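Chemist: Below is one structure. I have some questions about it.
Here, each number is a calculation from the coordinates, and none is a lab measurement. Quick caveat: nothing in here was measured; it's all calculated off a predicted structure. Cβ sites come from the backbone with ideal geometry, for glycine too, and all protein chains shown count toward neighbours.
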Amino acid sequence: MKKLTARQRARAEEALVVVPHAIRAFSKAYPGITWKLAAIDAVSVANLAVVVAARTWDPDRSKATTYFSRAISNALLKAIEREHRHRPAGRVPLDVAIDEGATEDSSEDVAAVLLSLSEAQRQLVRARFYSKMTLAEIAEELGIDRRTVRRRLEEIKTLLVEASGNHSPD
């Protein structure tokens, strides 16, 4: 990537203050997308978008907040699209299955199971499927064995499968 001029670097540094505000606005503009942002490093994507946009921003043609916010929004959408496109075929992440089970499935039992999960169980689901942590990373963070993490996630999956009425494995 071509180096920024001193002026472009100064513009980028000034515009970096927009990043957290733009990410919050993006989350509000696209309800339900927050879990997708957790799957990518939204701050890094937004910071890079600011640096790239600093090369082409013309203060005489647009306001900084508008220009950089749009650049951040476009970069986040592209990153989310890439994340979705590179998901292995035939595999639906548990967070998507949970969302669909809670909203599209008419089974009140599935929703009841989701609502009945303990905070510790929800923490496991968030770490594994929203934050994309490995079993080893979760085990290290929680101070428990990797096999225990796997067993607890399997128990959650079993509860959801039974509640959905689909009693066949996987």
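Chemist: Put a dot 7 Å past each Cα toward the Cβ at Arg70 and Asp41; how far apart are the dots in nm?
Modeler: Here the modelled spin labels are 2.8 nm apart.
Chemist: Let me ask another. Enumerate the residues in segment 117-134 having an amide nitrogen under 16 Å from the point lying 7 Å beyond the Cα of Ile144 toward its Cβ.
Modeler: Zone members listed by number: 117-129, 133-134.
Chemist: At a Förster radius of 35 Å, what calculated FRET efficiency corresponds to the Cβ-Cβ distance of Glu162 and Ile33, to the nearest 0.05?
Modeler: Working: r = 30 Å, r/R0 = 0.86.
My answer for the efficiency is 0.70.
Chemist: Would you kindly state how much longer the chain becomes between Arg55 and Leu4 on full extension, computed as 0.36 nm times their sequence separation minus their alpha carbon distance, in nm to one decimal?
Modeler: Details: separation 51, 0.36 × 51 = 18.36 nm, distance 0.70 nm.
Roughly 17.7 nm would be gained on extension.
Chemist: For a quick protection proxy, order the peptides 116-122, 145-151, 22-28, 43-49 by their average other-Cβ count within 10 Å, most packed first.
Modeler: On the way: 116-122: 11.3, 145-151: 13.6, 22-28: 16.4, 43-49: 18.0.
In descending order of packing, they fall as 43-49, 22-28, 145-151, 116-122.
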